[in-house]
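Take a look at the structure below.
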Amino acid sequence: MVKNSYIPFKAKILAKYQQTELDWTYRLECQIQPIAGQFMEVSLPGVGECPISISDFGDGYIEMTIRRVGQVTGGIDKLVPGDYLFLRGPYGKGFPLESFYNKHLIIAAGGTGLAPVKSVINYFYARPELLQRCDILTGFKTPNDVLFKHDLDKWAQTFRVEVTVDKLDESGNLEVIANSCSRRTGLITALIPDVEIPSLEDVRVIIVGPPVMMKFTAQEFLCRGLAKENIWVSFERKMSCGLGKCGHCKIDETYVCLEGPVFNFAQAQTLLD
Amino acid sequence: MGYRFTAAAFNQLLESLREKYRVYAPTLLKGKGKFSDTDLVGYAEISKIEDVVFNQKSYFSPKETFYPVTQRLFYFNENGFSEAVVDEKGMIVFLRACDIQAVERLDKIMLENGLSADYYYERLRNKLKLIVMDCQESFDSCFCVSMGTNKTENYSASVRLENGVYLSDVQEDIEGLFAFHGETIEVSPKFVESNKQSVKVPENLVLESVAANPIWEEYGSRCIACGRCTVVCPSCSCYTMQDIFYDDNPKCGERRRVWASCQIDGFTDMAGGHSFRRNNGERMRFKVMHKIKDFKQRFGVHMCVGCGRCDNACPEYISLAHCIDRLGKEEAGNRG
Ligand SMILES: Cc1cc2nc3c(=O)[nH]c(=O)nc-3n(C[C@H](O)[C@H](O)[C@H](O)COP(=O)(O)OP(=O)(O)OC[C@H]3O[C@@H](n4cnc5c(N)ncnc54)[C@H](O)[C@@H]3O)c2cc1C
Ligand code: SF4
Ligand code: SF4
Ligand code: FES
């Protein structure tokens, strides 16, 4: 008899940090060793379950950054350190970190899309010698939506970090954005023509964000001459099982929970909803 | 080995089997039809062979017997989780050759897809014994011959009613009971060799051109996204998990899974209001492509077994058989 993969395990909330009005990062006591880009199924018994990316991990813990949008995420929002969440996973394919070694890595993340790539950035931040260079382009709706401000600041010590917001909020203030990053207003796609690319064939790109953002951002990179094979994206789809059974995440013959959420763009581009 | 049973002998066989098994078969469900005073053929536990409907196709498929519409997965309370227990008895299901082929399709997704077998599916599937009901003639809307699913060798026993007696070919006698109650005789199961309709199954569909085909707009304008076609389908397997908590103690409750349908609103809805395939025509395309392309690409066989139940169930008279045939003929036409 196979093991029952549906029953979650208990994980204590060690700490909880506020990112924005709606997003909080939870540090959970947990022994798993995930790959950057993988996700967990997070349960609140009596309410339900939902897929959440692992935004970071380390010895004996994982972190997840969760936006309050509905039933389960709303319930999680009420929890405090010392409370428990229930998890199963990790699931899915993560980022192929080794294919970025000795390359010029460009990461374009829109909004909460920064969560699944945060551990990729931290991995290389701790080992900058593994990359030729690294550009991190992030886009958010307003200055109040900027995630991981401290991390952006920290990364900007070593990598080039750009933050853009679609529009300013009432205060018209960009100061809330991390200090050492280059700051602008406008869409993330507008940042791409200005990225310095000394050697095109060494460039590897990761794009994560809402579907429309990923589509147009990929187009900009293709315009700059990148091969599709050198671009990776991460998809979000409705998921119920994470196990390749429930069918919700299926696109064509592809199960996003199994073959994704991280896809090479050459494959991602052929998927048709 | 073949056996012959009078009705009385078969009923004794059933009585003996029922000590260790629950026996399910298509029966006449009174008042369950489309209109309040009509009946419908669906699955129920039986105790006598006269309850089995041989001369009609069942409206619902046999999958509900071993993959329930609603299935409890586990219970939870303050102390943790406990797995839902399962009935100790085995299960014997009467079904058609195409239905057995459909069980094999469900096995592909539930047992083979992903990293491991589905725990809850496997638990019931391991208890399942299949009794194939011979098809002496094809019913309206069947197109199993076109799908190559009109026959099977995957059964414990076959059964057909002929001149008032029951004839059975037994491949795997269950507890030796068929031999005990039956009279030895030569029997081979009967399968249909032709249907009233045949469809041209396309074999080289290209997604981009299929997606550009105007037929989906036409289907989209007729389909009301009710999901009946997927409910009655023996090879549709999608589900959604749901939690409920008990009124007397909100800390206690259970997680269940219930059948879901790609044709119904909400199947792809994500937080933030984003959803895919909003249009009913796109959903029809998605379903058809799964049935006659995607599944085969992954598992080597078509998902649709040509039982025709979806065509019988659709309130808008949308015919999958006709749709497949159109795509097949267009493909042949384009090539020729
Ligand atoms: C691989 C992957 C990784 C993810 N990573 C993260 C992450 O790191 N952080 C994060 O915050 N989120 C992440 N998500 C998204 C997260 O899974 C969803 O936000 C979560 O499922 C919402 O669950 P909920 O129960 O709180 O919301 P629900 O109560 O299910 O619904 C939220 C909203 O969705 C809409 N909705 C849902 N169902 C319906 C319906 N039937 N009809 C109409 N509208 C409906 C409504 O607008 C509702 O307000 C990820 C998703 C995937 C697939
Ligand atoms: S004919 Fe319809 S109901 Fe029968 S297997 Fe094919 S899709 Fe399912
Ligand atoms: S049964 Fe007919 S109307 Fe209902 S979802 Fe299926 S195709 Fe559409
Ligand atoms: S989430 Fe259930 S099949 Fe992918």
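The values are calculated or read from the model by the stated rules, or taken from the named source; none is laboratory data. Not measured: the values here are computed from a predicted model. All Cβ positions, even for glycine, are placed from backbone atoms using ideal geometry, and neighbour counts span all protein chains on display. Just so you know, the surface numbers come from the protein's heavy atoms only, side chains and all, with ligands and any DNA or RNA stripped out. Shrake-Rupley method; radii C 1.70, N 1.55, O 1.52, S 1.80 Å.
Overview of results
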quantity	calculated
Rel. contact order, % - alpha carbon contacts under 8 angstrom, at least six apart, chain B	22 percent
Evaluated at q = 0.06, 0.07, 0.08, 0.13 Å⁻¹: base-10 log I(q)/I(0), Debye formula over Cα of the protein assembly as shown	-0.39, -0.53, -0.67, -1.34
Cα principal axis extents for chain B, largest first, Å	65, 60, 45
³J(HN,Hα) computed for each position of segment B:181-187 - Karplus, 6.51 cos²θ - 1.76 cosθ + 1.60, integer Hz, glycine/proline x	8, x, 10, 5, 6, 5, 9
Number of partner chain Cβ atoms within 10 Å, mean per residue of B:112-120	6
Table column - 3J(HN,Hα) (Hz), segment B:70-86, Karplus curve with 6.51, -1.76, 1.60, x for Gly and Pro	10, 10, 6, 9, 7, 9, 9, 8, 4, 8, x, 10, 9, 5, 5, 7, 10
Efficiency of FRET between B:N163 and B:V301 - r from beta-carbon atoms, R0 35 angstrom, step 0.05	0.45
Segment A:9-91 - convex hull of alpha carbons, volume per residue in Å³	82 Å³
Summed side-chain charge close to A:Q71 - residues other than A:Q71 whose Cβ falls under 15 Å, Lys, Arg +1, Asp, Glu -1	0
Full-stretch length increase - B:E50, B:S116 - with 0.36 nm per residue and alpha-carbon distance subtracted	19.7 nm
Candidates B:Q197, B:Q242, B:Q56: whichever shows maximal mean-square fluctuation once chain B is modelled as a Gaussian network with Cα springs under 10 Å	B:Q242
Label-point gap, in nm, between B:E218 and A:D273 - each point 7 angstrom along Cα→Cβ	2.7 nm
C-alpha long axis of helix A:211-223 to longest principal axis of chain A, angle in °	30 degrees
Ranked order, B:T38, A:T254 - accessible area, probe 1.4 Å, largest first	B:T38, A:T254
Cut-off under 5 Å, modelled amide H: who pairs with B:I92 long-range	B:R22, B:V23, B:Y24, B:K129
For segment A:185-241 and segment B:25-75, distance of Cα centres in Å	52 Å
Solvent-accessible heavy-atom area per residue, rounded to whole Å², over segment B:1-79 at 1.4 Å	51 Å²
Derived scalar couplings ³J(HN,Hα) [segment A:15-32; Karplus, 6.51 cos²θ - 1.76 cosθ + 1.60; whole Hz; x for Gly, Pro]	7, 9, 10, 7, 9, 9, 4, 9, 10, 10, 9, 10, 9, 10, 6, 6, 9, 5
Nearest-20 debye value, segment A:9-91 charge dipole, Cβ charges on Lys, Arg, Asp, Glu	160 debye
Filter on B:K20/B:K129; A:K93/A:K245; A:K3/B:K296; B:K32/B:K89 - keep pairs with C-alpha separation over 18 Å	A:K3/B:K296; B:K32/B:K89
Centre separation in Å (Cα based) which lies between segment B:168-182 and segment A:2-50	52 Å
Hypothetical label at A:S99: residues of segment A:209-249 whose amide nitrogen lies under 11 Å (7 Å Cα-Cβ projection)	A:228-233
Residue among B:S209, B:S146, B:S261 with the largest mean-square fluctuation in a Gaussian network model of chain B, springs linking Cα atoms under 10 Å	B:S209
Full-extension gain in nm, B:A225 to B:E193, via 0.36 nm per residue minus C-alpha separation	8.1 nm
Degrees separating the helix A:114-125 axis from the principal Cα axis of chain A, which is the longest one	70 degrees
Per-residue mean of C-beta atoms belonging to partner chains within 10 Å, peptide A:42-55	3
Shielding score for B:256-269, defined as the mean number of other chain Cβ atoms within 10 Å	2
Sequence-distant residues sharing a close amide H with A:F235 (under 5 Å, placed H)	A:V262, A:F263
Other-chain or far-sequence residues with amide H under 5 Å of A:K141's (modelled H)	A:D166
Gain upon complete extension [B:C252, B:Q12; 0.36 nm per residue less C-alpha separation]	82.0 nm
Proximal charge balance of A:I62 [Cβ under 15 Å; K/R count +1, D/E count -1]	+1
Protein accessible surface hidden between A and B, which excludes ligands and nucleic acids, total in Å², probe 1.4 Å	3700 Å²
Packing-based order for A:4-14, A:79-89, A:42-52, B:76-86, using average beta carbon neighbours within 10 Å, highest first	A:42-52, A:4-14, A:79-89, B:76-86
Per-pair calculated FRET efficiency, R0 = 51 Å: B:E153 and A:A190 via Cβ, rounded to 0.05	0.20
